[in-house]
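> What follows is a single structure, and I will ask about it in a moment.
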Protein chains: 4
Amino acid sequence: MTDTEPADRRRRFSLRTSRMEALSDGIFAIASTLLVLDLAIPAANGDVGHSLVEQWPTYLAYLVSFATIGNSWLNHSVITEYLERADAILLRLNLVLLFFVSVLPFPTHMVAEYLSNNSAERIAVTVYGLNLLAIGAFTSLTWHYAVAERLARRDNSEDDVRAISAKLDPSLASDAVAIGIGLLWPKVAVALYLVIALFVIIPFRAVFRQVRRGRSSDLNRPGRGQP
Amino acid sequence: MTDTEPADRRRRFSLRTSRMEALSDGIFAIASTLLVLDLAIPAANGDVGHSLVEQWPTYLAYLVSFATIGNSWLNHSVITEYLERADAILLRLNLVLLFFVSVLPFPTHMVAEYLSNNSAERIAVTVYGLNLLAIGAFTSLTWHYAVAERLARRDNSEDDVRAISAKLDPSLASDAVAIGIGLLWPKVAVALYLVIALFVIIPFRAVFRQVRRGRSSDLNRPGRGQP
Amino acid sequence: MTDTEPADRRRRFSLRTSRMEALSDGIFAIASTLLVLDLAIPAANGDVGHSLVEQWPTYLAYLVSFATIGNSWLNHSVITEYLERADAILLRLNLVLLFFVSVLPFPTHMVAEYLSNNSAERIAVTVYGLNLLAIGAFTSLTWHYAVAERLARRDNSEDDVRAISAKLDPSLASDAVAIGIGLLWPKVAVALYLVIALFVIIPFRAVFRQVRRGRSSDLNRPGRGQP
Amino acid sequence: MTDTEPADRRRRFSLRTSRMEALSDGIFAIASTLLVLDLAIPAANGDVGHSLVEQWPTYLAYLVSFATIGNSWLNHSVITEYLERADAILLRLNLVLLFFVSVLPFPTHMVAEYLSNNSAERIAVTVYGLNLLAIGAFTSLTWHYAVAERLARRDNSEDDVRAISAKLDPSLASDAVAIGIGLLWPKVAVALYLVIALFVIIPFRAVFRQVRRGRSSDLNRPGRGQP
């Protein structure tokens, strides 16, 4: 495998992306579903309805984390859609990304547990924010690496690549700002994470575009690069 | 990505459905298997057989939820069978559907725990019913969106589309009725959910069709649109 | 979807088997991995080595169940290898099979817990045996249904079909015998389940065939129908 | 299925590798994600930050095990990339490998629990090392079996095969050495496992190659056989 090998032989190497996609989908699916184990059942004696309502931080943490993992999966899907093959470094960047996805139930549990406790909630929200930042950072890194190393399909236009970069990178800045806010007002940061996640899950722009164009048009197919 | 782009370029965008199917299968598989963690083992001292039998609400809840998730998966399979590609909104509708699938073990656990408790069982059965309704509603929504946006394959006949719609939509009404019944007689609602789920799992109509036609015929292949 | 439709249109219906395979692989993978959650860690005070060795029934139950699920997965793989498409009834037979696979951690847990308890171990071993019998029965049923309904690929020889049937059906008889033995001598039945599972996992016949033919031959490819 | 059958008919048998890959990806994904359930949340009363920091052996064990499973998955991906089909023995070797992957959370839990306990940590680290050795051994065995039985694609060069063997086999030696060290100095062995896993995850050689060649070259595609 020296530099003197012909280019067409080199191209034949490189791994299919199917295994990488399957492992990723598995870890995304498990990380988001394991969160349900944290939803505890109050004891049957006493006012069950009241106890269930009092658990609201647990539900909130569940919702934010599911939305965040869903969001991360959406970005990951777009990236692998553009990939033609994977190389040694890309597979490892992806593994580090999956590490931070699989660990998210831990800070989620912390936020749910500590949200009514003043000194502990600051720690929980900060660890949670750092985890989100790491997921965002390694998603961006994976994408930029794939583009730089030309692992993406040849038929992608420059516009698509720019559109994806323009979508992934700013979310890092908003995550960093939310961590700063969380150090001062932890509860505000949790609300912010919920807003960010819902903003991505609810496709405001896509819905708006749809409505504007109306149903009569035959051209209303959303683009691959902009889910 | 403006409206002036030619239609054939637009078609090239849109995501494969393979990632969406893989994530969905993962979450369906995990949500249905995690339910087994709720089946507790009675202490070895005392009459184990008696204790095991006394846990019947847990087994019932497990069975109903497994059948319900299986049913939802069957509908989901039929929908994706018709899909040619996914767009931004479809992927998000699917994520919301998966959210309600992944959360089902929580009300299942509640029903199992509270079924012998008068005031709590009403809450448990109602939350459970709302969860089932949400799963049904987002399954229908995903389907109608795909049809409206022409994300389905071109070669589907109008009949197939109508047959699927005719199958998905009425189940919403039966879920809503069961929630109402559950507010008055919670145990009746649980029995009803079991009947609904088994009615879907046991393919009465398909078996009947099979029997009527007999084994001699070469034409006994059930249709794609009607599992 | 009446009987007067032409045959070629009917053939176009029927679902791909990919979703069914993906859900099955997910449930097989989770059911076998969830078993590890039952392996408890003894408290650090006291003789840890001794406590670990004393947990042998837990390890045994884990091993038997992993081998049994692995065995069931092998049979399932062979069946789907022969399938060209799935129909309404096949998908449901498969769901019932997956139900019994996903529930196996429960009797496994019971066997591990009760193996040193005389009255309880009989119940545990019998429930475990019935679960294994149900897995075997629905595997056979799925196979025979697929063959009867001609859902299998056309290019399968009669010999292959007979070979698979000859492999699936006798295991039902051995499971039934083991249940009977378990009612009298529970520990013997557990040993028997281990032997059966290992007999399938360790490919004695295949190894023997390999050895007999030697490495020099170019013809030593084991057949598709006989893993 | 006798030795007199023609060779081309034999070739038609043999299973696709897709099911084997799907089950493997599922078990790799679950085994690595289940580890997060061991990360316990300290009680909210008291110094939460301090309690979290004191849990460092749990985090370390989590990190080492995730990296080890990731590493094993990388090797597994390379092997299946070369496979054209699976036979009876290969599927079973793979099941034994998956058994040792799925059981890894148990010794991981032990290491995390016993790392501050002198007599118990030796046992924990040794069991952990034996588990890693078994994963490595069955990965190598699967590979060598596939090569010997010519289950790999015909278009693989001898160089690729040698490169993979040269990568898999030495790791067995380093695992064995680490087990020996663990009997004397358990904590050193844990550090060593971390270093080995990170050395594989962080692609030093690939990064070095990349840097040396620079970004201007069009030839910088890493080879398939050397992730």
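Each value in this text was obtained by applying a stated rule to the coordinates, not by laboratory testing. Keep in mind that what you see is a predicted model, and the values were worked out from it rather than measured. Backbone-built Cβ (ideal geometry, glycine too); neighbour counts: all protein chains shown.
> Report the calculated FRET efficiency for A:Ala176 and A:Glu149 (r = Cβ-Cβ distance, R0 = 25 Å), to the nearest 0.05.
After rounding to 0.05, the efficiency reads 0.40.
> Given segment C:107-196, what whole percent of its Cα pairs are spread farther than 17 Å?
The calculated P(r) of segment C:107-196 puts 54 percent of pairs beyond 17 Å.
> Taking the Cβ of C:Ala189 as the centre, find all other residues whose Cβ is under 12 Å away and add up their charges (Lys, Arg: +1; Asp, Glu: -1).
That sum, taken over residues with Cβ under 12 Å, equals 0.
> Based on the mean of other beta carbon atoms within 10 Å per residue, what is the order of A:59-68, A:101-110, most packed first?
A:101-110, A:59-68
> One decimal, nm, shortest first: give the distances between the label point of C:Ala166 and those of the same position in the other copies, each label point 7 Å from Cα along Cα→Cβ.
Output for C:Ala166: 4.7, 4.7, 6.7 nm, nearest copy listed first.
> At B:Ser51, label 7 Å along Cα→Cβ: distances to the other copies, nm, ascending?
2.1, 2.1, 3.0
> For peptide B:112-121, how many partner chain Cβ atoms fall within 10 Å of a residue's Cβ, on average?
Details: counts 1, 5, 4, 1, 1, 3, 0, 5, 11, 2.
What the average comes to for B:112-121 is 3.
> Can you tell me how segment B:12-164 classifies by the Cα gyration tensor, rounded, prolate or oblate, using a/c under 1.5 as the rounded cut?
Note, shape of segment B:12-164 comes out prolate.
> Among B:Asp38, D:Asp25, B:Asp175, what is the fewest-to-most ranking by other Cβ atoms within 10 Å? Mind dumping the intermediate values first?
Details: B:Asp38 18, D:Asp25 29, B:Asp175 21.
Least crowded to most crowded, the residues run B:Asp38, B:Asp175, D:Asp25.
> Right, something else. Taking the Cα-to-Cβ direction at B:Lys187 and at A:Glu158 and moving 7 Å from each Cα, how far apart do the two end points lie in nm?
So the two model labels end up 7.3 nm from each other.
> Considering only the label points, 7 Å along Cα→Cβ from Cα, what distances in nm to one decimal separate B:Glu149 from the same position in each other copy, shortest first?
3.2, 3.2, 4.5
> Additional query: Hey, what do the phi angles of segment C:29-44 turn into as Karplus ³J(HN,Hα) couplings, whole Hz, using 6.51/-1.76/1.60 and θ = phi - 60°, x for Gly and Pro?
5, 6, 4, 6, 8, 4, 3, 5, 5, 7, 7, 7, 9, x, 4, 5
> Mind checking the full-extension length gain between A:Leu37 and A:Asn117? Use 0.36 nm per residue of separation minus the Cα-Cα distance, one decimal, nm.
Gain in length upon complete extension: 26.6 nm.
> I would also like to ask the following. How many partner chain Cβ atoms sit within 10 Å of a residue's Cβ in peptide C:82-95, on average, as a whole number?
Average per residue, whole number: 5.
> For B:101-111, what's the mean count of beta carbons from other chains sitting within 10 Å of each residue's beta carbon? Write out the running numbers ahead of the final one.
Numbers: counts 1, 8, 8, 1, 4, 9, 2, 1, 5, 6, 0.
Mean shielding count: 4.
> Using θ = phi - 60° and the Karplus form 6.51 cos²θ - 1.76 cosθ + 1.60, what ³J(HN,Hα) does each residue of segment A:98-115 get, whole Hz, x for Gly and Pro?
Listing the rounded values in order: 5, 4, 6, 5, 5, 8, 4, x, 5, x, 4, 4, 4, 4, 4, 6, 9, 5 Hz.
> Please list B:92-100, A:187-195 highest first by mean number of surrounding beta-carbon atoms within 10 Å per residue.
Most protected by this proxy first, the peptides run B:92-100, A:187-195.
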